[in-house]
Amino acid sequence: MDRMNLIKDYVRVLETAIDDMNPEFYPYIIDKLLAEGALDAYLKPVIMKKGRPGIMLTVLVPDDDRNTERILTVILNETTSLGVRMRTEQRFCLQRGFSTVQTGYGQVRVKAAFTTDLKKPARFVPEFEDCKALALETGVPLRQVYNAALLAAEQLTDRW
């Protein structure tokens with residue numbers, strides 16, 4: 001694993017199953033969790049007791065009490081949840097770098113992931129929100145802006 005240049009750390013996983021909330025609230029709650037410091041937040045459909053459909057909200061949080069308390073507060077204030085389960089898990093992540101590339105439509109932030117060579121990224125991911133904003137601003141299809149950012153990142157591998 002050392003050869004892959006993996007970062008090893010711990011995260012807290014907070015989960016709650018919800019079966020009695022307006023589903024239109026979920027995007028707002030996810031955005032709020034991310035704004036409060038969640039590393040990730042996602043939803044999964046589940047079947048709860050008595051065959052009721054529900055949603056499992058899972059939130060990954062840095063492994064510290066301050067972040068956990070903020071996220072718990074959001075979950076308990078913004079959802080109909082009466083309780084949250086928590087566990088600590090180890091995770092492995094690829095090393096990452098960030099840069100901004102210039103496209104014909106404007107600037108886009110790009111994330112690079114490194115596997116074995118810390119000078120040459122293995123893959124790139126353009127920042128979706130930057131691409132979306134440029135697509136709306138220019139009237140160009142989103143995939144076209146995204147592909148332009150990806151191409152610009154691949155051509156500038158010496159910047160990383």
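Only the coordinates and a few stated rules stand behind these numbers; no lab work does. None of these values were measured; they are calculated from a predicted model. In this analysis, Cβ positions are derived from the backbone assuming ideal geometry, glycine residues included, and neighbour counts consider all displayed protein chains.
Observations, loosely collected:
- Neighbourhood charge, 14 Å Cβ-Cβ cut-off, centred on Tyr26 and excluding it, Lys, Arg +1 and Asp, Glu -1: -3
- A cut-off under 10 angstrom between Cβ atoms defines the neighbours of Val145, and their net charge, with Lys, Arg +1 and Asp, Glu -1, is 0.
- Taking Cα atoms only, the orientation of helix 128-138 departs from the longest principal axis of the chain by about 60 degrees.
- For Glu127, the residues whose modelled amide H falls within less than 5 Å of its own, excluding neighbours fewer than 5 places apart on the same chain, are Arg109, Val110, Lys111.
- The stretch 61-117: trypsin sites (Lys or Arg not before Pro) in DSSP loop, at most 11 other beta carbons within 10 Å: none
- Three-way shape call for the stretch 96-159 based on the alpha-carbon gyration tensor, with the a/c threshold at 1.5: prolate
- In a simple Cβ point-charge model (Lys, Arg +1; Asp, Glu -1; nothing else charged), the stretch 27-111 has a dipole of about 400 debye relative to its Cα centre.
- Against the set [x] 43, 34, 30; [y] 43, 40, 30; [z] 54, 44, 30, the structure's computed Cα extents along the principal axes in Å falls on [z].
- Relative contact order for the stretch 76-160, counting Cα pairs under 8 Å that sit 6 or more residues apart, in percent: 26 percent
- Normalised by the number of residues in the chain, the average gap of Cα pairs under 8 Å and 6 or more apart makes the relative contact order 24 percent.
- Using only side-chain charges placed at the Cβ, +1 for Lys and Arg and -1 for Asp and Glu, the dipole size of the chain relative to its Cα centre rounds to 480 debye.
- Residue (of Cys93, Thr68, Leu136) at the positive-pole extreme of the stretch 57-160, dipole from beta-carbon charges: Cys93
- The stretch 2-83 shape via C-alpha gyration tensor axes, a/c threshold 1.5: prolate
- Model label zone, Leu43; criterion: amide N under 20 Å from point 7 Å along Cα-to-beta-carbon; scope the stretch 54-73: 54-61, 71-73
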